[in-house]
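Only one structure is covered here, and it is reproduced in the block below.
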Amino acid sequence: MKGPQLLDRLIPHAIRLADQRIADLVTDPRRLAVSSLRVGPLYANFARQRLDADAVAALLELAQERGVQNAIADLFDGVPVNRSENRPALHTALRGCFSEREGARAAHQLAQATRERMGKLISELAASNVTDIVNVGIGGSDLGPRLALEALRDHDTGRFRIHFLSNADGNAAAYVLRQLDPQRTAAVIVSKSFGTQETALNGRALLQFLGSGERLYAVSAKPELAQQQFGIDPVRVLPMWDWVGGRYSLWSSVGFVIAAAVGMGNFERLLQGAALMDEHVRHAPLRGNLAIRHGLAAVWNRNAFSYDSHAVLAYDDRLARLPAYLQQLMMESLGKSVRQDGTPVEVGTGPVIWGGAGTDVQHSFCQSLHQGTDAVPLDLVGVVRAPNAVSEQRAPLFSNLLAQAEAFANGASNSDPHKVYPGNRPSTLLLLDELTPEAFGALLALYEHSVFVQATIWGINPFDQWGVELGKRIAVSLQPAVEGANPPESVVDPVTRMLLEEIRARS
Ligand code: F6P
């Protein structure tokens, strides 16, 4: 579907709703009755979106026309939905066996067998004198495990201390290494491509620190490179595959440190929670499909009202890294300007994703969200039960979550213009019953599928990321001049040349 057709469908509803207040929309009891959905431990409420029944119907028709459900079936079946790289995207096969198709079943079996190997390696490590494990990886090889470790910290067995090295920043490496004893440290080098500069640099720093590759492990879709570059015994190299995108990979052996921290049983529970969401997304009809509803709300906000940024506020400290994780998941997946067939997308695609943990953010950027000139739609995420929390802080935290959602939607009038809150900021509320591995898995899987729905509506490929390559190439070409091997004159761009001269003069 071309952009104008998409807009033709949505804009009349946006015009009709332009002056409608969320506060007025929610007075309709029929609307409230159909505004929430539950999948296992995850409840979602869409009542505060700037939508009415006719607009929802138009969005559902759009999803139907765009073949969203067929696309979902293709995703699970292992059809090469990543067309620019001619690959399937079978992250769902890492958590369950959902398809009769041979490729998808084979992928699931490979994933299971690899998980068994991972469990064995972790058991051996647990029986050794190793106390610390360093996860060396960046982007999808870092953000998922980092988030999961914090989210599931109440399930941490305490057997290992886990550290992360991602950035190509020698300060970070020095800081992490000085806390460690090389005799009691293991490291897992996680890189799908095994060609990522930052990971190679940090991997070499670790190898030097450990003195040998004996306690080095690797996870890669190019296992042979782990052996060639670091001499890692193939027994300690776990495969991943082309059909798992980096930002969709925490369910694979990329989750090595998650399983090491919380145990294989809890890692399996994480996968089961994601599988529960998969099963729902695969079978639920359009209207009752949580990922479709979530994805359509995002398309609506982006294309009907042209909101170009979206904030995620997690009212639970353990989910403070959720926005950073979603930044990669959503912006690498949806930050595209051409459709799968290479033609330009004529409507706005993925917005800027940002956010933080409530209530911290209320004391930093929420001022702008309440009174800034640009409205920002939000996802507000909360956790109902937190058995390990200091109990007297639960009510204040929850009151703040509910209060913010209400304030964003309803605003407030005042005779003093400085004290006016325009309101009408749309939000979706996502509530986990408890931050269990299952609920956390379901939450992340929801976001993955919502991304897929949005990408399908826009006709873009959520599984490639060509946009990151140009900067990497330029960095490699500049390195000799930065190192001083070549004179700055070798650099063509005049501004970069000037900056190089400045850096040289000061180093
Ligand atoms: O540069 C972007 C990217 O390719 C991400 O998509 C990916 O998650 C990250 O780099 C790390 O890649 P790898 O796992 O291949 O080292």
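The values are calculated or read from the model by the stated rules, or taken from the named source; none is laboratory data. Owing to the predicted nature of the structure, the values given are computational and were not obtained by experimental measurement. So basically every Cβ, Gly included, is an ideal-geometry build from the backbone, and we count neighbours across all protein chains shown. The accessibility values were calculated without ligands, DNA or RNA, using every heavy atom of the protein model including side chains. Shrake-Rupley method; radii C 1.70, N 1.55, O 1.52, S 1.80 Å.
Observations on the structure shown:
- Test: residue in region 468-478 that is open to solvent by 60 Å² or more (accessible area, probe 1.4 Å), under 30 Å from D74 (Cα atoms) and touching a Gly at 6+ places or on another chain (Cβ under 7 Å): no
- Of all residue pairs spaced 6 or more apart or on separate chains, those with beta-carbon atoms under 9 Å, a first member in region 155-179 that is in contact (Cβ under 8 Å) with a residue 24 or more places away in the chain and a second member that is part of a loop (DSSP other than H, G, I, E, B) and among the acidic types (D, E) are I162/D156; F164/D142; L165/D142; S166/D142.
- Unmet criterion (only one of (1) in contact with a Lys or Arg (Cβ under 7 Å, 6 or more places away or on another chain); (2) within 26 Å of A475 (Cα to Cα)) for Y217: (2)
- Residue pairs whose Cβ atoms lie under 7 Å apart, separated by 6 or more positions or on different chains, with the first residue in region 316-329 and touching a residue at least 40 places away in the same chain (Cβ under 8 Å) and at negative phi and the second in a helix (DSSP H, G or I) and of a type in the set (K, R), are R318/R153; R321/R146; Q328/R247; L329/R247.
- The number of residues in region 226-267 that are acidic (D, E) and either away from the ligand (no atom under 12 Å from the Cβ) or on the phi > 0 side of the Ramachandran plot (or both) comes to 1.
- Any hit, region 394-415, residues being hydrophobic (A, V, I, L, M, F, W, C), open to solvent by 70 Å² or more (accessible area, probe 1.4 Å) and at negative phi: yes
- Put simply, of V79, V56 the only residue that is part of a helix (DSSP H, G or I) and over 17 Å from S306 (Cβ atoms) is V56.
- With a requirement of 3 or more residues that are more than 30 Å from R9 (Cα to Cα) and within 16 Å of the ligand (Cβ to nearest atom), the helices (runs of 4 or more DSSP H) lying completely within region 391-507 that satisfy it span 469-483.
- Meets criteria (under 28 Å from L380 (Cβ atoms), touching a residue at least 12 places away in the same chain (Cβ under 8 Å) and among the small types (G, A, S)) for G484: no
- Residues located in region 192-215, provided they are touching a Leu at 6+ places or on another chain (Cβ under 8 Å), surrounded by 16 or more Cβ atoms within 10 Å (Cβ to Cβ) and part of a loop (DSSP other than H, G, I, E, B): F194
- Residue check for N135: within 16 Å of the ligand (Cβ to nearest atom), touching a helix residue (DSSP H, G or I) at 6+ places or on another chain (Cβ under 8 Å), in contact (Cβ under 8 Å) with a residue 24 or more places away in the chain and open to solvent by 50 Å² or more (accessible area, probe 1.4 Å): no
- Any hit, region 253-265, residues being at pLDDT 95 or above and more than 20 Å from V130 (Cα to Cα): yes
- If the condition is being surrounded by fewer than 19 Cβ atoms within 10 Å (Cβ to Cβ) and within 16 Å of the ligand (Cβ to nearest atom), then region 173-191 contributes no residue at all.
- Among the conditions (1) more than 10 Å from the ligand (Cβ to nearest atom); (2) open to solvent by less than 30 Å² (accessible area, probe 1.4 Å), S220 misses just one, which is (1).
- S166 meets all of the listed conditions (1) surrounded by 15 or more Cβ atoms within 10 Å (Cβ to Cβ); (2) at pLDDT below 95; (3) within 16 Å of the ligand (Cβ to nearest atom) but one, namely (2).
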